[in-house]
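The values are calculated or read from the model by the stated rules, or taken from the named source; none is laboratory data. Everything numeric in this text was worked out from a predicted model, so none of it was measured. Reconstructed Cβ throughout: ideal geometry from the backbone, glycine too, with neighbour counts over all protein chains shown.
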Amino acid sequence: MANLEYVAEALRTRRRQLQPEDVGLARGRRRRTPGLRREEAAELCSISPGYYTRLERHRGAPHPSAATLAGIARGLRFTRAERDRLFAAAGYRGGEHLCAHVDPGVMLVLDRLAETPAHVVGPAGEVLRQTPASRALLGDLTVHTGWARSGYYRWFLEPGERQRYAAEEHPRIGAEIVAGLRRSVEQGHCGAELLATMLRQRSPEFTRLWADGAPPPATATTRRFLHPAVGVIDLRREVLEVDASGQRLVVYYPAPGSTDDTSVQLSTVIGHQRFP
């Protein structure tokens with residue numbers, strides 16, 4: 001039996017606890033609301049202000065989907081335990097939607113990296129959270145649905161995915177993806193085995209690389225991007241393991257004072273340009 005009153009209370013409590021600076025927002029001078037405003041919370045959760053308000057007041061809101069709850073848990077910085085209680089109260093038990101949760105500490109790091117291209121990637125290649133600079137460089141990678149949520153899927157089955165990277169990068173990126181997915185399968189991470197099976201059925205290139213069984217290539221420390229408005233941008237890359245869930249924090253940064261540093265700043269000013 002779903003307990004949506006618990007969900008409503010959890011939303012009210014967390015919204016009042018969170019301060020604007022906790023989530024990368026400006027406080028402003030005329031803030032009278034304790035914590036966040038409802039419209040701010042709704043934006044963080046990627047839902048409409050009206051729907052958020054109905055959920056919080058427990059008045060006439062449709063039953064939230066698992067995807068909606070996952071967005072709420074991420075946006076309002078729930079811990080894993082709090083997220084699990086939220087899902088249980090809404091009548092959900094387990095499932096891969098729980099694997100999309102990003103720890104509040106990692107969210108805080110991303111908030112502090114707002115002007116740096118950075119994102120959190122799940123074990124099946126799905127981007128779970130991006131900084132504004134990452135969206136400006138790569139586009140919004142969180143909008144995809146179904147299999148296309150996985151960047152691994154898009155790399156092998158959607159040709160347009162490769163257009164943002166220089167052609168000489170493609171062989172290495174493909175090998176890195178296969179090695180990363182193989183590691184996720186071996187560690188039993190969410191969705192990895194199902195994705196690998198599907199790619200072996202549909203992508204000859206993936207099948208060849210998977211069967212090759214070559215050791216993982218050394219992780220490239222640089223990437224060459226092709227931005228539709230700025231042009232070629234060479235960035236250094238750091239990949240950090242977040243926790244045992246298989247999530248990784250990927251950070252791109254230019255050499256200080258380089259033309260690439262200027263290009264990253266310019267791409268952020270221009271904003272997201274739609275890739276073909």
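Number of residues in the stretch 157-193 that are in a helix (DSSP H, G or I) and under 22 Å from Ala100 (Cα atoms) equals 14. For the stretch 110-146, filtered to residues that are assigned to a helix (DSSP H, G or I) and over 25 Å from Ala244 (Cβ atoms), the residue that is modelled with the lowest pLDDT is Gly146. The conditions of being under 13 Å from the mean Cα position of the chain (by Cα) and either surrounded by fewer than 22 Cβ atoms within 10 Å (Cβ to Cβ) or outside the structural domain of Arg14 (by TED's automatic domain parsing) (or both) are met by Arg129.
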